[in-house]
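Everything below concerns the one structure shown next.
Values quoted throughout were computed directly from the atomic coordinates according to the rules given, and no laboratory measurement underlies them. Just so we're clear, the structure is a prediction, and the values are computed from it rather than from any experiment. Cβ placement follows ideal geometry from the backbone for every residue including glycine, while neighbour counts extend to all protein chains displayed.
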Amino acid sequence: MSENPTFSKGETLIIQPGQEESHWQPVPANGHISILLSPDKVNMQFPFGMGTQTLPPGGFVREHAHVAQQEAFFFLSGSGKAIVDGVEHKCTPGTAIFLGMHVWHKFINDGTEPMTWMWLLIPNGLESFFRAIGRPRTPGAPDPTPYPRPADVLDIEKRWGFASPRAAAG
């Protein structure tokens, strides 16, 4: 078989534990995120963002939806729940969730241990949101949480593909 002259080999990036970019997250999530892969780290033909998020007990990711992105989650440790379009689902290690565009979702750590999951967003953008609202996290540095979300968080969310918040029911 002959080689295709238009083929060009893609890039490779390997991130070892402790080499990831990490940010503390403000209330109500608290905890921290790590950005493992994104187009600003390696040239991608199909841009995506991938990383992890850890919520302490009692932390939650407020309800939101993405207008032009699909998202996948894989739960690694701890336990809690996902509320997807108003329906509650238990999340334990090994739980996988796929969410299409405009699907409202919220995550709650109702357990006694930190809850950690891997996230994948296609196309990317979540990593830029996390950078905009977070504070850089370095090994050994004290946890600054809780701290408030930026005053312009709704503008930041809109810039990175979040739907406008829904009006409270009732």
- Does region 93-170 classify as rounded, prolate or oblate by the C-alpha gyration tensor (a ≥ b ≥ c root eigenvalues; a/c under 1.5 gives rounded; else a/b over b/c gives prolate, otherwise oblate)? rounded
- Cα centroid of region 76-143 to Cα centroid of region 16-41, whole Å: 11
- Item | Ser164, Ser38 arranged by Cβ crowding within 10 Å, fewest neighbours leading | Ser164, Ser38
- Starting from the amide H of Trp104, placed 1.01 Å from N in the peptide plane, find each other amide H under 5 Å away whose residue is 5 or more places distant or on another chain. Asp85
- Query: Along the charge dipole of the chain, Cβ charges K/R +1 and D/E -1, which of Pro26, Phe129, Thr52 sits furthest on the positive end?
  - Reply: Pro26
- Charge sum, other residues only, whose C-beta stays under 13 Å from Leu154's C-beta, Lys/Arg counted +1 and Asp/Glu -1: +2
- Item | For Phe107, net neighbour charge (Lys/Arg +1, Asp/Glu -1) across residues whose Cβ lies under 13 Å away | 0
- Which GluC sites (Glu not before Pro) does region 1-92 hold that lie in a coil by DSSP with at most 10 other beta carbons within 10 Å? Glu3, Glu11
- Note on the structure: Counting sequence-distant residues (5 or more places) and residues on other chains, those with an amide H built under 5 Å from that of Phe48 are Asn124
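According to the square roots a ≥ b ≥ c of the eigenvalues of the Cα gyration tensor, what is the shape class of region 12-88, taking rounded for a/c under 1.5, prolate for a/b larger than b/c otherwise, and oblate for the remainder? Before the final figure, lay out each step's value.
On the way: a/c = 2.15, a/b = 1.40, b/c = 1.54.
Oblate shape, in that a/c is at least 1.5 and b/c is the bigger or equal ratio.
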- Query: Stokes-Einstein at 37 °C, 0.692 mPa s, Kirkwood radius from Cα pairs: D for region 21-137 in µm² s⁻¹?
  - Reply: 232
- Task: Just order 111-118, 154-161, 94-101 by mean Cβ neighbour count inside 10 Å, highest at the front, would you?
- Result: 111-118, 154-161, 94-101
